[in-house]
Amino acid sequence: MWIGFLIGAAFGFALHRGGLVRYSRVMGTLLLRDLKPMNFMFSGLAVAALLYGISDLLQFGVVPKINGYFGIGHLVGGVTFGVGMALAGL
């Protein structure tokens, strides 16, 4: 639990230091005018994928084996998140 908290805090700090929590930056991203936050997220995704791949090759056993599931909960959560982000932009 503490490792997840520390990783989340480090990620939040990186978001804040990168200026990715400002209203103008978020709105620019939603309007596809400012792609810096998307580049930041895709870079983080690429680093995580590489680290997971390396840890799997070295058999550290930290790669979770989770079956994909797409159900009504994911649909409701996605719609709720999208509506919330759209309303926050208004």
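The values are calculated or read from the model by the stated rules, or taken from the named source; none is laboratory data. Predicted model only: the values in this text are computed from it and were never measured. All Cβ positions, glycine included, derive from the backbone under ideal geometry; neighbour counts span all protein chains shown.
Can you confirm whether the range 14-24 contains a residue that is assigned to a helix (DSSP H, G or I), touching a Leu at 6+ places or on another chain (Cβ under 8 Å) and charged (D, E, K, R)?
The answer is no; no qualifying residue exists.
Is one or more of the residues making up the range 67-76 outside any loop (DSSP other than H, G, I, E, B) and in contact (Cβ under 8 Å) with a residue 60 or more places away in the chain?
No.
Could you list, in sequence order, the residues of the range 32-81 that are polar (S, T, N, Q) and either touching a Ser or Thr at 6+ places or on another chain (Cβ under 8 Å) or modelled with pLDDT of 80 or more (or both)?
Looking only at the range 32-81, we keep the residues that are polar (S, T, N, Q), and these are 39, 43, 55, 59, 67, 80.
Correct list: 39, 43, 55, 59, 80.
Can you name every residue in the range 1-38 that is surrounded by 12 or more Cβ atoms within 10 Å (Cβ to Cβ) and either over 21 Å from residue 88 (Cβ atoms) or touching a residue at least 60 places away in the same chain (Cβ under 8 Å) (or both)?
Matches in the range 1-38: 14, 26, 27.
Assess whether residue 53 counts as being of a type outside the set (S, T, N, Q), surrounded by 10 or more Cβ atoms within 10 Å (Cβ to Cβ) and either in contact with a strand residue (DSSP E or B) (Cβ under 7 Å, 6 or more places away or on another chain) or in a loop (DSSP other than H, G, I, E, B) (or both).
no
So, in the range 21-46, exactly how many residues are within 12 Å of the chain's Cα centre (by Cα) and more than 19 Å from residue 82 (Cβ to Cβ)?
The number of residues fulfilling the criteria is 7.
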